[in-house]
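The values are calculated or read from the model by the stated rules, or taken from the named source; none is laboratory data. Being a predicted model, the structure only gives us computed values, none of them experimental. Backbone-built Cβ (ideal geometry, glycine too); neighbour counts: all protein chains shown.
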Amino acid sequence: MAGYGVDEPTVLEKFIKGLPNPLAKTCVKMDTLDTWEEWKESTRKHQDVYLRWRQILGVNDNKKDQSSSKKKDLNKWRQGFNSKCAD
């Protein structure tokens, strides 16, 4: 930010308010954070943990993939019904 140092309260406040609430809450609960570097490292670490858990649990956030997969399944059903009707 122009004219501001990264460790100034205004900059840190903007950064923290821009984080998803669960991530900011986890960082505050788990780490002692006073500087930009501490916040930056904490958010990276906890976001990485979150993403790894989602991968382990097999959770997929890509809604495009889910919708296209549903469309493919629907098309398979339609093809099956159409082939039965044509017989």
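Remarks
- Within segment 18-35, not a single residue is modelled with pLDDT under 90, of a type outside the set (Val, Ile, Thr), loosely packed, with under 10 Cβ neighbours inside 10 Å and not in a helix (DSSP H, G or I).
- Residues that are in contact with a helix residue (DSSP H, G or I) (Cβ under 7 Å, 6 or more places away or on another chain) and over 13 Å from residue 50 (Cα atoms), drawn from segment 12-29: 12, 15, 16, 19
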